[in-house]
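Report on one structure; see the data block that follows.
The values are calculated or read from the model by the stated rules, or taken from the named source; none is laboratory data. No experiment lies behind these values; they were computed from the predicted model shown. Cβ placement follows ideal geometry from the backbone for every residue including glycine, while neighbour counts extend to all protein chains displayed.
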Amino acid sequence: MSSRETHVVEMGDILANEADLLGMIKEYLKFGEFDDTVHQFEKECKDKGKLIPKSRGNRLRDSKTLIIQKDLLSSFDDGDFKVFFELWEEYIPAEVRDSDPQTQKLEFYLHIHFTIFPLKIHLGGPQTDRDGRITHFKQYLETRGATLSQTTEFLPYYALPFVPSPAVHPSFRDLFQDTWVPEVRRKLEAFLSATLKVTNAPRLLLLYLQLAEAERRASYYMRRFGKMQADHHRLIDVTAELVDSLEDTVRGKMVSPEYLQSVCLRLFSNHLRQSSVQSVDFTRPGTGYYSMSPYDDGYVSFASFFCRPEVPLLPSLDYDKLKRDLLGGSDRLKALLLQALRWRLTRSLHGEQRDTVLQAYISNDLLDLHSAQQKTMLRLTRLKNEIVRQYMARLINALASLSEGRAYLSQVPSVLLVLLESLKTEEKDSLSRENVLGALQKLSLRRSQQSAMIGAGLIGWLVEELQDSDCLSDYTLEYAVALLMNLCLRTRGKRECARNAKSILKVLTDLLGHENQQIRPYVNGALYSILAVPAVREEAREMSMEEILGCYSREENPELNRQIEFIIKQLNSGEVPEEGRESDNEEEEEDDDDEEDMMETDLDKEEVLLPQPRELSGETLLTTNYLGIMTNLATRSKKKSSAPPGVHEPLQRPVTPSSHRNALAM
């Protein structure tokens with residue numbers, strides 16, 4: 001585009017913006033009934049050739065606004081939820097309903113009001129009316145209300161549709177107090193007055209109000225920033241004191257309980273009541289009483305007392321009924337249940353909530369791995385229905401993302417055999433195969449599973465698959481290369497590579513130049529490992545491996561350049577492995593627990609199963625049809641993760657892509 005054309009375009013934009021601004025000024029003057037000024041303003045614009053666009057119509061008149069407000073409040077008082085929400089959706093702007101958190105909270109309480117209305121006003125009313133309201137509330141929870149499902153304030157109300165007598169239930173007692181409905185009505189009245197008035201205002205006034213609101217929020221966030229800054233400085237001061245105290249302790253000087261209590265008060269003065277802090281017994285080092293749930297034994301560490309948030313536990317399930325329907329239900333029910341069970345794991349909060357879900361799955365043998373019957377859950381991976389196979393693979397992949405889940409899956413050899421069979425039979429670009437591959441890669445953290453995979457010829461399959469890497473999805477490519485590296489770390493895996501050294505070296509060197517840089521650490525790790533075998537080194541020298549590696553070390557990436565240096569050093573070494581050394585004999589040693597549990601977002605991507613109208617799904621499906629008796633499950637303590645290897649060295653211990661990325665970020 002020439003400079004003249006650019007100038008014409010810019011002038012056109014200016015004139016359009018100016019016309020819009022003139023229209024807003026005229027609109028505001030008419031709104032304020034400055035009739036003479038409007039007449040003079042139009043005359044001067046016409047004399048100067050300024051175009052004033054026609055005012056945007058379809059604004060509510062003040063009288064109509066009052067009528068709408070009255071209708072909404074009347075339907076609220078009468079409990080007519082159908083009329084109320086028709087008016088609500090028609091006259092409350094969609095951007096306000098969808099993006100404003102306060103509006104979403106108010107809408108949630110409005111749905112609660114209409115759901116329990118018959119119980120408060122018309123005791124003993126028609127059952128059909130109550131059922132219709134509960135059905136409407138369930139639909140809301142599964143759609144618009146789902147956004148608040150992780151909010152502590154609203155989480156208890158997700159069980160409201162399933163409680164037979166909410167009026168006497170402790171969790172909902174406040175809803176039936178005389179003050180609850182008037183408070184909700186007051187908030188509704190204030191909201192309607194503000195929202196509908198803003199909707200009727202001229203655009204110029206609306207812009208002014210938006211600017212004022214932006215300035216108010218900016219001031220609020222500045223105050224929050226100042227408070228966070230003050231907390232940061234206080235934390236640094238206390239840390240310095242604690243370091244000094246630690247040095248004194250090393251020298252034999254004891255720290256008094258009073259000093260610990262004073263530090264505690266300074267650290268958490270804004271977050272905990274002093275009475276709670278003083279209730280801790282500081283004369284017993286490392287202990288404090290804090291019962292968070294029936295799953296706790298009562299005593300936790302001093303740090304846990306202050307740092308553990310109160311996280312609600314998910315309801316227990318009837319696993320016998322679940323397994324019966326997973327085996328004997330329709331294909332759609334099977335898929336919905338597999339989706340719901342996976343979501344319960346992937347969408348739970350990291351920590352005690354997720355650990356409790358996993359322990360419930362394992363203790364109830366969710367996949368029937370230890371069942372004496374021949375029909376176990378693993379048969380779902382062989383069904384003709386692709387969605388059921390895919391959602392079964394997704395669930396297994398989610399279980400394999402957690403170390404306790406990997407231990408559960410590794411107990412029965414048939415699990416690995418089924419996964420290997422699915423890997424070779426599923427379509428190349430399907431999500432089913434992606435998840436099977438992801439599960440295998442995570443299971444390859446365990447030595448017994450590595451040995452079985454190597455014995456099944458998985459290295460050869462991976463090398464053949466990676467020859468056409470451009471046709472693979474990013475997930476498949478990354479997890480396939482990481483799986484190959486984990487298998488190459490074993491002595492038996494290196495020997496397997498030496499049998500076809502030329503092919504594997506060609507594949508790995510080709511992958512060095514792949515545009516997906518996430519795979520480079522695993523390619524480097526695999527090369528470094530297999531070059532420990534003299535036969536592989538000899539083959540690498542014949543194909544001028546050092547010159548090829550030198551081409552990639554010129555890139556602007558110090559970490560990868562350093563890894564290339566280690567690989568070249570390995571290539572030129574003359575070290576011969578000891579014949580008697582065989583790492584495969586150490587099957588009892590599991591380095592799996594050192595990997596931090598990571599639940600990647602890909603587990604829930606591209607959901608192909610969407611609930612139909614009035615169809616239960618997710619947590620609602622589980623708690624409606626499969627609610628069980630609450631059981632106390634003690635969660636196991638986890639080992640502390642070991643320090644990750646230096647980023648400059650090639651990887652020399654099994655990892656998964658998700659945990660490796662997390663280690664680098666940390």
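The table below gives the values:
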| quantity | calculated |
| --- | --- |
| Flag for Glu427 being surrounded by fewer than 23 Cβ atoms within 10 Å (Cβ to Cβ), free of Cβ contacts under 8 Å to residues at least 40 places away in the same chain and either part of a helix (DSSP H, G or I) or over 23 Å from the mean Cα position of the chain (by Cα) (or both) | yes |
| Among residues of the range 357-376, those that are in contact with a helix residue (DSSP H, G or I) (Cβ under 6 Å, 6 or more places away or on another chain), farther than 18 Å from Ser401 by Cβ and part of a helix (DSSP H, G or I), counted | 0 |
| Output for the range 359-394, where each listed residue is loosely packed, with under 14 Cβ neighbours inside 10 Å, within 17 Å of Ser410 (Cα to Cα), among the polar types (S, T, N, Q) and at pLDDT below 85 | Ser371 |
| Which numbered condition Arg354 fails, given (1) closer than 18 Å to Tyr408 by Cβ; (2) part of a loop (DSSP other than H, G, I, E, B) | (2) |
| Residue satisfying all of: in the range 517-535; over 24 Å from Tyr479 (Cα atoms) and in contact (Cβ under 8 Å) with a residue 40 or more places away in the chain; farthest from the chain's Cα centre (by Cα) among these | Pro534 |
| Any hit, the range 466-474, residues being assigned to a helix (DSSP H, G or I) and crowded, with 22+ Cβ neighbours inside 10 Å | yes |
| Thr635 β-branched (Val, Ile, Thr) and at pLDDT below 75 | yes |
| Total residues in the range 489-531, condition out of contact with any Leu (no Cβ under 9 Å at 6 or more places or on another chain), of a type in the set (Ser, Thr, Tyr) and either buried (at least 23 other Cβ atoms within 10 Å of the Cβ) or closer than 16 Å to Met545 by Cβ (or both) | 1 |
| Residue match in the range 129-138 (condition: in contact with a helix residue (DSSP H, G or I) (Cβ under 8 Å, 6 or more places away or on another chain) and modelled with pLDDT under 85) | yes |
| Residue that is surrounded by the most Cβ atoms within 10 Å (Cβ to Cβ) [pool: residues in the range 147-158 that are outside any loop (DSSP other than H, G, I, E, B) and touching a Phe, Trp or Tyr at 6+ places or on another chain (Cβ under 9 Å)] | Tyr157 |
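Conditions (1) over 19 Å from Val263 (Cα atoms); (2) at pLDDT below 75; (3) loosely packed, with under 10 Cβ neighbours inside 10 Å, marked per residue:
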| residue | (1), (2), (3) |
| --- | --- |
| Leu207 | yes, no, no |
| Gln210 | yes, yes, no |
| Glu213 | yes, yes, no |
| Tyr220 | yes, yes, no |
| Ala230 | no, no, no |
| Leu235 | no, no, no |
| Thr239 | no, no, no |
| Ser245 | no, no, no |
| Thr249 | no, no, no |
